[in-house]
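To start, the structure itself, in structure tokens.
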Amino acid sequence: MPAAALIRKLEQFDRISDAERQLLEQAAVRQRAVAKGEDLVREGDRPSESLFLITGFVARYNLLRTGKRQITALHVPGDFVDLHSFLVKKMDHGVMAITACTVGVVPHDALRLISETQPHLTRLLGLNIAVDAAIHRQWIVTIGRQSALEHTAHLFCEMFLRLQAVGLTEDYGFKFPLTQAELGDTLGLSTVHVNRILQELRAEGLITWRGETVVITDWPRLQQIADFDPTFLSLEQEPR
Amino acid sequence: MPWFYFDVREGTRFIPDATGLELESLDAAEREAASAAAEIGRDRLPKGDAREITVELMNEHRQRVLTVTVTMEIQRVDPEPPPPGA
């Protein structure tokens with residue numbers, strides 16, 4: 001059932017009818033395995049299908065001429081990694097697999113059909129893109145105006161709630177399979193600075209990160225330090 | 001590729017690097033140390049809890065090979081009183 005992860009994600013926003021469920025199942029025509037490190041989408045591509053994540057972790061990124069990389073979004077199962085490719089056509093960024101992944105494939109023709117016949121589903125897909133934009137806005141705020149410690153704390157708060165919403169947390173623990181260098185490229189920090197911040201978060205009793213597992217050890221204080229308000233994630237189910 | 005360790009000193013605080021980092025050369029390690037010192041300085045120095053940030057770069061044998069120091073100095077000055085009638 002490739003569409004299950006996607007349906008679960010859209011259900012965070014609003015109830016999905018049986019007919020809509022069936023349509024999404026038909027729209028997700030197949031699934032595909034992607035190897036760790038592979039690009040799902042390259043900058044400059046003109047995709048004819050959009051991909052959503054069933055398992056694994058992916059990152060949207062831009063590369064500079066100097067070889068420096070900025071990760072601009074992290075995606076977890078249920079997220080569309082490039083729903084916007086249906087509308088923008090030519091990709092202005094790449095999407096790479098942080099881990100081995102399984103993705104569901106939705107042809108743009110199927111999205112066009114939904115947009116022409118399904119106003120409610122179309123609104124939910126629009127909201128999906130709007131939430132991606134809200135997360136980008138939040139990242140601009142944190143990258144521009146917070147200290148490295150606050151910014152890092154904010155990212156861990158966000159990832160915890162997003163993974164919790166799709167049932168991928170266990171108590172206050174979750175899988176976070178990034179390397180410190182990838183986390184640096186996400187936060188816009190050097191690897192050495194990231195390492196120092198992680199040590200500080202651990203020393204302050206806020207989080208631990210061993211192997212690929214992050215455990216939040218003081219959720220209220222982590223949110224307080226991060227000045228975290230989950231509104232931008234639109235995690236309330238309500239009529240849309 | 002060689003391993004490097006980056007210990008950080010912020011004022012009286014010492015944050016040792018337990019994990020280290022694999023980098024292609026000493027030059028790459030120097031750039032990493034310099035970026036880290038500048039970033040940590042940007043965060044910590046304006047708060048006034050430290051006036052000096054040092055990143056000490058160690059080789060794989062934990063021998064120090066270079067240090068990068070970033071300092072901030074703030075000087076308040078008493079302006080001359082304005083001339084009468086100004």
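So the values come out like this:
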quantity	calculated
Share of carbon and sulfur in the accessible heavy-atom surface of region A:4-134 [1.4 Å probe, %]	52 percent
Mean ellipticity per residue at 222 nm, deg cm²/dmol - from DSSP H runs of n ≥ 4 across chain A, formula -39500 (n - 2.57)	-13500 deg cm²/dmol
Between 0 and 90°, nearest 10: helix A:18-27 axis offset from chain A longest Cα axis	80 degrees
For region A:23-165, size of Cβ-based charge dipole, Lys and Arg +1, Asp and Glu -1, in debye	340 debye
For the protein assembly as shown: accessible area per residue (Å², 1.4 Å)	51 Å²
Chain A: relative contact order in percent, alpha carbon pairs under 8 Å with at least 6 residues between	23 percent
Long-range amide H partners of B:Gly20 with built H, under 5 Å	B:Phe6
Nonlocal amide H pairs with A:Thr99, under 5 Å, H built at 1.01 Å	A:Gly37, A:Phe57
At least 30 Å² accessible surface lost relative to isolated chain, residues of region A:146-186 (1.4 Å probe)	A:Ser147
Those residues of region B:23-51 for which accessible area with every protein chain present is at least 10 Å² below the isolated value (1.4 Å probe)	B:Glu32, B:Ala36, B:Glu39, B:Ile40, B:Arg42, B:Asp43, B:Arg44, B:Lys47
Helix-only [θ]222 nm of chain B, DSSP H runs n ≥ 4, -39500 (n - 2.57) each, per residue, nearest 500	-7500 deg cm²/dmol
Cα-based helix-to-principal-axis angle, A:191-203 vs chain A, degrees rounded to 10	70 degrees
With every protein chain in place, chain B: carbon and sulfur % of accessible area (1.4 Å)	50 percent
Whole-angstrom gap from region A:1-28 to region A:86-117, using each part's C-alpha centre	16 Å
Relative contact order computed over region A:4-134 (Cα-Cα under 8 Å; 6+ residues apart), in percent	34 percent
Between 0 and 90°, nearest 10: helix B:26-44 axis offset from chain B longest Cα axis	40 degrees
Dipole magnitude of region A:137-233, debye to nearest 20 (Cβ charges: Lys/Arg +1, Asp/Glu -1, about Cα centre)	100 debye
Coil-residue GluC sites (Glu not before Pro) of region B:45-77, DSSP, other Cβ within 10 Å capped at 13	B:Glu60, B:Glu73
J(HN,Hα) series, region A:168-184, from Karplus relation 6.51 cos²θ - 1.76 cosθ + 1.60, nearest Hz, glycine and proline x	10, 10, 10, 6, 9, x, 7, 7, 9, x, 7, 7, 5, 5, 5, 5, x
Amide hydrogen neighbours beyond the local backbone of A:Asp45, cut-off 5 Å, H modeled	A:Met91
Rel. contact order, % - alpha carbon contacts under 8 angstrom, at least six apart, chain B	30 percent
In region A:65-122, the trypsin sites (Lys or Arg not before Pro) that fall in loop regions by DSSP, at most 15 other Cβ within 10 Å	A:Arg65, A:Lys68, A:Lys89, A:Lys90
Interface burial for A against B (accessible surface, 1.4 Å probe, total of both chains, Å², rounded to 100)	1200 Å²
Filter on A:Lys90/A:Lys175; A:Lys9/A:Lys175; A:Lys36/A:Lys175 - keep pairs with C-alpha separation over 22 Å	A:Lys90/A:Lys175
Distance from region A:124-145 to region B:1-49 (C-alpha centre basis), Å	31 Å
Net dipole in debye of the protein assembly as shown [+1 Lys, Arg Cβ; -1 Asp, Glu Cβ; about Cα centre; nearest 20]	460 debye
Dipole of the protein assembly as shown [Lys/Arg +1, Asp/Glu -1 at C-beta], most positive-end residue of B:Ile40, A:Val141, A:Gln118	A:Gln118
Peptide B:4-16 - average C-beta neighbours from other chains (10 Å radius)	2
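The values are calculated or read from the model by the stated rules, or taken from the named source; none is laboratory data. Everything quoted here is computed from the prediction, not taken from an experiment. When we count neighbours, we look across all protein chains shown, and the Cβ atoms used for this are built from the backbone with ideal geometry, even at glycine. Surface accessibility is based on the protein's heavy atoms, side chains included, excluding ligands, DNA and RNA. Shrake-Rupley method; radii C 1.70, N 1.55, O 1.52, S 1.80 Å.
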